[in-house]
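The values are calculated or read from the model by the stated rules, or taken from the named source; none is laboratory data. Everything numeric here is computed off the predicted structure, so don't read it as measured data. Here Cβ is always computed from backbone atoms with ideal geometry, including for glycine, and neighbour counts include all displayed protein chains. Heads up: the accessible areas ignore ligands, DNA and RNA and are worked out on the full protein's heavy atoms, side chains in. Shrake-Rupley method; radii C 1.70, N 1.55, O 1.52, S 1.80 Å.
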Amino acid sequence: MNSQFNSLSANRRSIYALGDNLSQTPEEIFDLVKQTVKNSPTAFNSQTVRAVVLFGRSSDKVWEIVEDALRKIAKSPDAFEQTKAKIDSFKAGYGTILYFTDTTIVHQLENDYPSYAANFANWAEQGLGGAQQAVWAALAEQGIGASLQHYNPLIDDAIHQAFNLPADWQLRAEMPFGSIEAPAGEKTHLDDEEMFKLIK
């Protein structure tokens, strides 16, 4: 079967060479992120996903926070220089999306449905993953490159303080995005036999 969805999904890659040469406005990108997250499913329609979209100096601040945090734990100056080059590539983009889970809703569901209480945190992660995948693909459809990074919990407190975010929003990932200045590297897959089973 032909599938436009799978073609779009294949076009969604981790782009590390980012620039700020985009024709879309911050408002257009913000609206795209909002609509995509709102259309992504969550267990019990719990809507636990939160997204903060930053541009310009605010986006730069995210990566300065990451840099400061990693400098403190670097094993050596040489090791940090390699890390800094990677961070600089994220900072060079057009913006950054911060993804959070609203833990207040998770805890409320745990209280309201005790029989399922052990699952709600995991289900919130599933909802977050679906939203991230959807936003990433939506950006790719517009010719915007992105990657998904995870510097939490190392940067959590500094991010909350810098942007005055609710304490019950738990940072889960950071997505730098921008113009595609170099293509993604080659992608390999495990053998189908290791990943899938067809049972009739």
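Subtract the Cα-Cα distance of K187 and S9 from 0.36 nm times their separation in residues, and report this length gain in nm to one decimal. Here the segment from K187 to S9 would lengthen by 62.8 nm.
Computed from backbone phi, the HN-Hα couplings of the range 38-53 come to 4, 8, 8, x, 9, 4, 6, 6, 6, 6, 8, 7, 10, 9, 10, 10 Hz, rounded to whole numbers (Karplus: 6.51 cos²θ - 1.76 cosθ + 1.60, θ = phi - 60°; Gly and Pro given as x).
Within a straight-line Cα-Cα reach of under 13 Å, K72 can be paired with the following aspartates and glutamates, leaving aside sequence neighbours fewer than 8 residues apart in one chain: E64, E81.
Taking the Cα centre of the range 10-185 as reference, the dipole from Cβ charges on Lys and Arg (+1) and Asp and Glu (-1) amounts to some 260 debye.
Rounded to whole numbers, the Karplus 3J(HN,Hα) couplings from phi for the range 151-163 are 9, 7, x, 4, 10, 3, 4, 5, 5, 4, 5, 5, 10 Hz, using 6.51 cos²θ - 1.76 cosθ + 1.60 with θ = phi - 60°, and x at Gly and Pro. Protein heavy-atom accessible surface, 1.4 Å probe, per residue over the range 10-185: 51 Å².
According to the square roots a ≥ b ≥ c of the eigenvalues of the Cα gyration tensor, what is the shape class of the range 10-185, taking rounded for a/c under 1.5, prolate for a/b larger than b/c otherwise, and oblate for the remainder? Taking the square roots of the gyration eigenvalues as a ≥ b ≥ c, the range 10-185 is oblate. Computed from label points 7 Å out along Cα-Cβ, the spacing between I73 and A43 is 2.7 nm.
Seen through its C-alpha gyration tensor, with square-root eigenvalues sorted a ≥ b ≥ c, the range 137-200 comes out oblate because a/c lies at 1.5 or above while a/b is not bigger than b/c.
Of the trypsin sites (Lys or Arg not before Pro) found in the range 70-179, those in coil by DSSP whose Cβ has at most 15 other Cβ atoms within 10 Å are K75. Taking every protein chain into account, the 1.4 Å probe leaves Y113 with about 100 Å² of accessible area, to the nearest ten. Using a 1.4 Å probe over the heavy atoms of the protein chains, calculate the carbon and sulfur portion of the accessible area of the chain as a whole percent. On the chain, the fraction of accessible area on carbon and sulfur atoms equals 50 percent.
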